[in-house]
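Read-outs: derived from the displayed coordinates by stated rules, not from any lab. Treat the numbers as computed from the prediction; the structure is a model and nothing was measured. Neighbour counts are summed over all protein chains in view; Cβ atoms, including those assigned to glycine, are modelled from backbone coordinates with ideal geometry.
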Amino acid sequence: STNGKWNGAARFERALSGGRNVYALVEYSHTRDYDDEHPGLPSSSLLAEGSFDFPRAMTVALRIERTDRLEEERLADPFRSPRPHYDAHQLGATRFVSAAVNVASVKHALVRPFIEVSRLHASPRPGPSFFEPAEFYGSRGAWSFSAGARVGFGHMRQMGRYGPAARSTTPGQHMTGHEHE
């Protein structure tokens, strides 16, 4: 089996007057598997995120994602599927849509409180479908509320971060590792 993939991304980041920063990222990916030249079900993912910094006060961030997950045969344990996978033998697809809003304080360099509210919605994608999210999860949607604080001390290095997390969070701090472009 083979597959065809297409990916694209665009990023914008700008420092504005008064210490304000704005950031935005959009990514799209599309995949279709083929088995002996017969196309399987396509899947795609779309991500959009952005943030705005209010100097010496807070950062407000928004993230929205829509992802298709292909359905496969399941074993008696619904969280397990047979191995090896047969790429072009999917039973259907489920679309997951999530949105999150995060507000974080930037008043203190070492302790940064935050709150986040997110919503997840899952539904069978049009066409053949075997999986019913409401039966599996008890509902097609779920809310999540988080609150906490990021605490830093000493010389901190974060690796493998991208987007707003890739920016330095402490004056004089230098980031290392992967910054997604």
- Compare the peptides 143-152, 112-121 by average per-residue count of other Cβ atoms within 10 angstrom and give them in order, highest first. 112-121, 143-152
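Determine the gain in length on full extension of the stretch PHE130-SER44; use 0.36 nm per residue of separation and subtract their C-alpha separation, reporting nm with one decimal. Don't skip to the answer; put the middle values down first.
Working: separation 86, 0.36 × 86 = 30.96 nm, distance 1.84 nm.
Gain on stretching PHE130 to SER44: 29.1 nm.
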- Message: Check which residues have an amide H placed less than 5 Å from GLN90's amide H, if you skip close sequence neighbours.
- Response: LEU41
- Message: Per residue of the range 133-148, what does 6.51 cos²θ - 1.76 cosθ + 1.60 with θ = phi - 60° give for ³J(HN,Hα)? Whole Hz please, x for Gly and Pro, Karplus curve as stated.
- Response: x, 4, 6, 6, 9, x, 6, 7, x, 8, 9, 9, 10, 10, 8, x
- Query: Which whole-Hz couplings ³J(HN,Hα) result when phi for each residue of the range 26-32 is put into the Karplus expression 6.51 cos²θ - 1.76 cosθ + 1.60, θ = phi - 60°, listed in order with x for Gly and Pro?
  - Reply: 10, 10, 9, 9, 9, 9, 9
- Message: Could you work out how much longer the chain between ILE64 and HIS121 gets when fully extended? Use 0.36 nm per residue separation minus the Cα distance between them, nm to one decimal.
- Response: 19.4 nm
- Item | Residues whose placed amide H lies under 5 Å from that of VAL106, excluding near-sequence neighbours | ALA57, MET58, THR59
